[in-house]
Amino acid sequence: MEDTQQPDVRIRGIVKRFGAFEAVAGIDLDVARGQFVTLLGPSGCGKTTTLRIIGGFETPDAGEVLVAGVPVNEAAKRHTRMVFQSYALFPHMTVRANVAFGLRMDKVPKGEIAPRVEAMLGKLGLADQAGKYPRQLSGGQQQRVALARALVTQPRVLLLDEPLGALDLKMRKKMQGELKALQRNVGITFIYVTHDQEEAMNLSDIIVVMEKGKIAQVGTPEEVYRRPASSYVADFVGETNFMAGGVAVRPENILIGAALPAGASRGKGVVRAKSFLGASTRIEIDAGGQTLFATVPGAVALEIGDAVEYGWRNEDSLNLTMTEDRK
Amino acid sequence: MIGARKSSTVLLGLWTALVLLFLFAPLLLVALFSFNNSEISVLPIREFTLRWYERLAANEAFRTALGNSLLVAGATVVLATTLGLAAATGAHRYAPRLRTAFRSGASLPMMVPHLILGIALLGFYNLAQIELSLGTVIMGHSVVAFPYVFLIVSARLVGFDSSLEEAARDLGAGPARIFWEITLPLLAPAILTAALISFTLSFDEVVVTFFTTGTDNTLPMVIWSMLRVGITPEINAIATLTVVVSCVMAGLAEVVIRRSRQTTVGKGE
Ligand SMILES: Nc1ncnc2c1ncn2[C@@H]1O[C@H](COP(=O)(O)OP(=O)(O)OP(=O)(O)O)[C@@H](O)[C@H]1O
Ligand SMILES: [Mg+2]
């Protein structure tokens with residue numbers, strides 16, 4: 001019936017303008033079935049707008065989005081569901097009624113609705129909260145209700161716009177783990193928006209790094225980290241030291257003193273600051289007017305003010321095309 | 001120190017009591033005299049009676065006027081609330097930039113003195129050759145009540161999270177479903193408050209009614225005509241009834257507002 005080989009979501013040249021401003025400036029992307037794909041980028045780069053176009057909330061000025069091979073705005077049956085940053089739970093309905101809403105709208109037979117709702121609530125650990133109203137729940141529980149409400153309708157693609165943004169750090173870490181497990185468990189495509197690179201690395205199969213309405217790089221977390229396509233990506237995903245002569249090196253690839261092998265690129269500097277992080281030590285080096293960061297394993301005998309020789313293996317430097325601001 | 005604060009509290013309490021007495025003494029006196037078994041309103045009251053109320057109940061003019069007033073107020077509630085709700089949601093959804101201008105325009109009838117409003121309506125009805133009747137009164141009252149409904153519903157819409165409607169749409173609800181299942185229930189407290197206020201406004205209205213009515217009389221008009229003969233215990237009875245109705249309406253509105261605060265404002269939002 002449906003072609004299982006084709007991508008779940010196919011984005012072709014979408015552009016979205018607000019007045020003269022191009023919030024989305026030509027994006028092409030294929031998302032394969034069952035992948036966890038994250039749109040990552042700084043505030044205002046067009047992540048939400050892109051997600052809203054995929055969800056059919058905005059109409060692009062150019063280009064089109066196909067979900068399961070059908071253009072979003074022509075589809076008889078919608079295949080995407082959105083989890084909003086504010087959760088958008090219906091405050092006048094119980095948790096149970098919130099989760100049942102989408103099934104009622106899909107005209108699922110009455111006898112089928114209750115068992116499906118209860119099963120979904122159970123799956124997300126909400127069985128005890130079914131009769132409560134959203135305001136009586138904690139942030140994490142509200143988050144789970146929003147997920148349950150979207151997932152119970154069995155969409156092909158789940159869209160999530162910074163769903164953990166409103167939670168505190170601890171809760172956020174916990175929910176990250178749960179989200180990833182949930183996605184594996186239900187086996188559907190997740191398109192996730194965040195500006196938190198750690199969260200993106202932690203969750204994603206594929207990261208889409210965005211810059212000013214365009215895609216800067218698409219790759220696995222490892223690819224994006226190890227082989228960033230540009231200095232913009234290197235700077236946004238992880239930390240990077242930009243040396244004179246267009247060389248870029250990650251802090252963990254900066255070597256100190258005796259650790260430097262023969263043939264490494266070298267320089268001399270002064271330790272300006274250091275902090276012991278347990279498994280590693282982070283050192284700030286004043287290298288002739290430029291500040292470098294090095295993360296070295298274990299503790300370091302150096303003190304602030306000590307002269308230090310630093311360097312890196314040439315194969316460890318990042319091979320970047322420099323964007324405008326770095327040239 | 002403590003003594004000074006105490007005496008200032010006492011003074012403040014005394015002052016408050018005096019203000020309240022000044023505001024409510026006339027109402028209380030009217031209510032009291034309506035139960036007084038004497039033709040003239042003087043203290044002390046020697047004997048209590050319900051005969052003025054009985055006489056009212058038997059008074060054909062009063063009964064007709066009460067019926068008219070209830071009819072007019074009921075119709076005004078329906079008309080003003082429907083129009084005000086439609087205008088407020090429309091302005092909120094479709095005209096974010098024109099909203100401020102629209103809001104000032106819609107609340108204009110509230111600033112215009114009822115005398116001017118009455119004359120303007122009369123002129124309009126004449127021009128449009130609409131015969132004066134209770135229908136024209138209802139239209140007039142709706143003009144008076146409309147801005148209140150508009151402003152009350154608009155205020156509620158300002159705090160309305162539009163992603164709720166988007167979420168409903170995302171889950172497959174059409175525009176009508178969204179309105180009935182999401183928008184309307186969330187606006188219900190505001191709509192109810194607006195309806196109660198419309199009722200009270202219409203039930204007490206004299207000036208606009210005076211200009212826009214034909215041969216039919218509403219309750220305040222009957223009071224007005226009876227007053228020309230002087231204050232009778234019957235008038236006290238009518239006034240008491242009117243105050244009771246208004247208080248009940250205001251009380252209900254207050255209860256609705258409180259309950260809505262409890263159900264929609266909570267943590268995590
Ligand atoms: N409805 C709108 N009207 C006008 N401008 C808009 C609208 N929506 C978004 N924009 C603009 O488009 C740009 C991209 O917005 P978008 O919300 O997609 O960014 P984002 O990447 O999600 O950012 P954030 O991380 O802050 O949420 C922003 O500069 C924003 O001001
Ligand atoms: Mg956003």
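Since every read-out is calculated from the coordinates, none of them should be taken as a lab result. All figures in this text were calculated on a predicted structure; none of them were measured in a lab. As a convention, Cβ positions derive from the backbone with ideal geometry for all residues, glycine included, and neighbour counts pool all protein chains shown.
Legend: mean number of C-beta atoms from other chains within 10 angstrom of residue C-beta atoms, peptide A:133-141, equals 3.
Please identify the GluC sites (Glu not before Pro) of the stretch B:20-68 that satisfy two criteria: DSSP loop assignment and at most 16 other Cβ atoms within 10 Å. Which are they?
Passing both the DSSP loop test and the Cβ count: B:Glu39, B:Glu47.
Neighbours of A:Ile283, meaning other residues whose beta-carbon lies under 9 angstrom from its beta-carbon, give a summed charge of +2 when Lys and Arg score +1 and Asp and Glu score -1. If the limit is 23 Å between Cα atoms, which of A:Lys110/A:Lys180; A:Lys16/A:Lys212; A:Lys16/A:Lys180; A:Lys170/A:Lys212 go over it? Long pairs (Cα-Cα over 23 Å): A:Lys110/A:Lys180; A:Lys16/A:Lys180; A:Lys170/A:Lys212. Of the cross-linked pairs A:Lys214/A:Lys268; A:Lys123/A:Lys173; A:Lys132/A:Lys174, those separated by over 29 Å at the C-alpha level are A:Lys214/A:Lys268.
The modelled label-to-label distance between B:Leu18 and B:Met110, using points 7 Å beyond Cα along the C-beta direction, is 3.3 nm.
Roughly speaking, what is the centre-to-centre gap between the stretch B:178-234 and the stretch B:113-160 when only Cα atoms are used, to the nearest Å? One Cα centre to the other: 12 Å.
For B:Ala176 and B:Gln129, the difference between the fully extended length at 0.36 nm per residue and the C-alpha to C-alpha distance is 13.2 nm.
With the Cα gyration tensor of the stretch A:118-163 giving a ≥ b ≥ c as the square roots of its eigenvalues, does the rule (a/c under 1.5 for rounded; else a/b larger than b/c for prolate; else oblate) give rounded, prolate or oblate? Write out the running numbers ahead of the final one.
Details: a/c = 2.50, a/b = 1.32, b/c = 1.90.
Cα axes put the stretch A:118-163 in the oblate bin.
Peptides B:167-179, B:133-145 ranked from most to least packed give B:133-145, B:167-179, packing being the mean of other C-beta atoms within 10 angstrom over each peptide's residues.
Taking a ≥ b ≥ c as the square roots of the eigenvalues of the Cα gyration tensor, the stretch B:142-244 is classed as prolate, since a/c reaches at least 1.5 and a/b is larger than b/c. When you filter the trypsin sites (Lys or Arg not before Pro) in the stretch A:23-54 for DSSP loop state and at most 16 other Cβ atoms inside 10 Å of their Cβ, you are left with A:Arg33.
With both bridge residues required to lie in chain A, what share of the DSSP beta bridges run antiparallel, to the nearest 5%? Given both bridge residues lie in chain A, the antiparallel proportion sits at roughly 70 percent. Equivalent-ellipsoid semi-axes for the stretch A:239-326 (Cα gyration tensor, √(5λ), whole Å, largest first): 21, 14, 13.
On C-alpha positions alone, give me the angle between the axis of helix B:134-158 and the longest principal axis of chain B, in degrees, nearest 10. For B:134-158 against chain B, the angle is about 50 degrees. Remark: mean inter-chain Cβ contacts per residue of A:79-91 equal 5, using a 10 Å Cβ-Cβ cutoff to other protein chain atoms. Which parts of the stretch A:232-260 would a label at A:Ser275 reach, counting a residue when its backbone N lies under 15 Å from a point 7 Å out along Cα-to-Cβ? Answer for the stretch A:232-260: A:239.
Here the ratio of the Cα radius of gyration of the protein assembly as shown to 2.2 N^0.38 Å is 1.43.
Within the stretch B:120-141, find all residues whose amide N lies under 16 Å from a label point positioned 7 Å from the Cα of B:Arg228 along Cα-to-beta-carbon. None, by backbone N distance to the label point.
Dipole size in debye (nearest 20) for chain B around its Cα centre, Lys and Arg Cβ +1, Asp and Glu Cβ -1? Show your work: numbers first, answer last.
On the way: 18 positive and 16 negative charges, 166 e Å.
For chain B, the charge dipole is close to 800 debye.
With a 10 Å cut-off around each Cβ of B:168-177, the average count of Cβ atoms from other chains is 6.
So, by mean Cβ neighbours within 10 angstrom, what's the order for B:212-222, B:98-108, A:89-99 with the highest one leading? Don't jump to the answer; show the numbers that get you there.
Details: B:212-222: 19.6, B:98-108: 14.2, A:89-99: 21.4.
Averaged packing, sorted descending, gives the order A:89-99, B:212-222, B:98-108.
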